């Protein structure tokens, strides 16, 4: 069951309420994302996807321009920046009020996007590999997704990174257990079983399992066939207290939230 304590994110003076779980819809502008159907590269596709996320009940739009799938080779900083700038122009045009997250592990990319387009959430899947990232988000006051890249819940690197952020005065820290990052199949499920440990940090909790290998490898299927398994894991995560679901399939996640909230007596 979720805590009754309401949470929110401060996005440049605008509060993003997390008193009920919300959906972060994935908008990929990469040509090599692991889930092919999520790739959007033309301006019309980007606009259509942003509008779809919001029309299906999504709250946050997560824009990614550098694939972090296993075995991928990250594009250079300049190309990532160009892709993000192109996407952000479209997103701001079709959904100017939508809270946006950028999926980047590079501080200079985050600084450029925040400078050009205003405050954004920084979703860093490396857990702060760039030494300039923590000082940047703290200085600019950007909400930051801290990913646990260890192989067990609340790993030592994650705990140390969380401490560093707090010492810098970073206020809005979103905890991401890092499903799929540095973990075996069994370790992913061990983390899911102990998800409540992250709730004890008193930070908003983000869960990103959408169509990942922990679903389709366990079931012997493919990313294209992983929606049902994803929804099951979303339900487990919500019952454990997740605040944000990062997903490809927005409508299905919104429906899962509504049902779990009803079970919990919220609707």
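Of all DSSP-defined beta bridges confined to the chain, some 15% are antiparallel rather than parallel.
Computing FRET efficiency as 1/(1 + (r/R0)^6) for residue 43 and residue 20, where r is the C-beta to C-beta distance and R0 is 45 Å, gives about 0.85.
Working from label points 7 Å from Cα in the Cα-to-Cβ sense, the residue 140 to residue 227 distance is 3.5 nm. In the list (1) 17.0, 48; (2) 27.3, 108; (3) 18.7, 58, the label attached to Rg and Dmax of the Cα atoms in Å as derived from the coordinates here is (1). In plain terms, the chain from residue 166 to residue 130 could stretch by 11.3 nm, reckoned as 0.36 nm per residue minus the Cα-Cα distance.
Using 0.36 nm per residue and subtracting the Cα-Cα separation, the extra length available between residue 217 and residue 79 on full extension is 46.5 nm. A full extension of the chain between residue 8 and residue 116 corresponds to an added length of 36.5 nm, given 0.36 nm per residue minus the alpha carbon distance.
Between residue 259 and residue 89, the simple label model (points 7 Å from Cα in the Cβ direction) yields a spacing of 4.2 nm. Relative to one another, the C-alpha centroids of region 83-102 and region 210-239 are positioned 28 Å apart.
Note: relative contact order over region 90-224, using C-alpha pairs below 8 Å and six or more positions apart, is 18 percent. Between the beta carbons of residue 194 and residue 55, assuming R0 = 30 Å, the FRET efficiency works out to 0.25 to the nearest 0.05.
Based on the alpha-carbon gyration tensor of region 117-267 and its eigenvalue square roots a ≥ b ≥ c, which shape applies: rounded if a/c is under 1.5, prolate if not and a/b is larger than b/c, or oblate? Don't skip to the end; give the middle numbers.
Numbers: a/c = 1.80, a/b = 1.47, b/c = 1.22.
It comes out prolate by the Cα gyration axes.
Throughout, read-outs are computed from the coordinates displayed, never taken from laboratory work. Computed from a predicted structure; not experimentally measured. Note: ideal-geometry Cβ built from the backbone for every residue, glycine included; neighbour counts use all protein chains shown.
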